[in-house]
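The values are calculated or read from the model by the stated rules, or taken from the named source; none is laboratory data. Here the structure is a predicted model, which is why all the values come from computation and not from measurement. So basically every Cβ, Gly included, is an ideal-geometry build from the backbone, and we count neighbours across all protein chains shown. These area figures cover heavy atoms from the full protein model, side chains too; ligands, DNA and RNA do not enter into them. Shrake-Rupley method; radii C 1.70, N 1.55, O 1.52, S 1.80 Å.
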Amino acid sequence: MSRSDVTREGVKGTSPGREALTGKAAGRHRRRRRGGEEPMVPKAKFSSYYGKPVLNKPTWKPTDIAGYLFLGGLAGGSSALAAGAQATGRPGLGRAAKAGAFGAISLSLAALVHDLGRPARFLNMLRVFKPTSPMNVGSWLLSGYAPLAAAATASDLTGRLRPVGAAATAGAAGIGRAGD
């Protein structure tokens, strides 16, 4: 091809506008192209097996779980405050913190059982320890923490078994801080 074969309309002896066809248009039946290239692979359509959703809709209620987590954290912090008050000789602050911890953990337990639907499901959570499940770990911490918080509060309010109450306060503070 020489320079004289090329004109403004293209190369002499060729049809203008004829380009290599790709995609669907490249088959035996040539059709007029409508715009740009046809894709070689069709657009992916997201679907799951049998058209069912990949994830089930959550059955938990956001207020129950938020309340369970918030009140559990509040109880753990109150137990740590109660242990600090007991160690520094502030009985009024310790009594209020222990009562607050017991009240918060009681409401937290109620929120968890309400979310699970029935109390038997809480006991089913304790059959196996699963460190990958926050609800399971929380159930285990709750089952160890609540009796200690109750014993610490009862000992402080009744004035009986003070050494047991002091040990329960320290234990509740330790488990409470582990849960936070």
Legend entry - Net charge of neighbours whose Cβ lies under 10 Å from the Cβ of residue 111, counting Lys and Arg as +1 and Asp and Glu as -1: -1
Legend entry - Contour excess over end-to-end distance, with Cα ends at residue 64 and residue 12 and 0.36 nm allotted per residue: 10.8 nm
Legend entry - Efficiency of FRET from Cβ geometry, residue 136 and residue 90, R₀ 35 Å, rounded to 0.05: 0.45
Legend entry - Spatial separation of Cα centroids for the stretch 125-180 and the stretch 65-106, in angstrom: 11
Inset, instruction - Using a 10 Å cut-off on Cβ atoms, rank the peptides 80-86, 59-65 from the highest mean neighbour count down. - result: 80-86, 59-65
Inset, instruction - Work out the length of the dipole vector of the stretch 100-180 about its Cα centre, built from +1 on the beta-carbon of each Lys and Arg and -1 on the beta-carbon of each Asp and Glu, and round it to the nearest 20 debye. - result: 220
Legend entry - Three-way shape call for the stretch 66-121 based on the alpha-carbon gyration tensor, with the a/c threshold at 1.5: prolate
Legend entry - Computed P(r) (all Cα pairs; the stretch 38-155; 5 Å bins; percent): 2, 11, 16, 16, 13, 10, 8, 6, 4, 4, 3, 3, 2, 1, 1, 0, 0
Legend entry - Carbon and sulfur %, accessible surface of the stretch 54-180 computed with the full protein complex present, 1.4 Å: 69
Inset, instruction - Could you calculate the FRET efficiency of residue 52 with residue 129 from 1/(1 + (r/R0)^6), where r is the beta carbon distance between them and R0 is 22 Å, rounded to 0.05? - result: 0.10
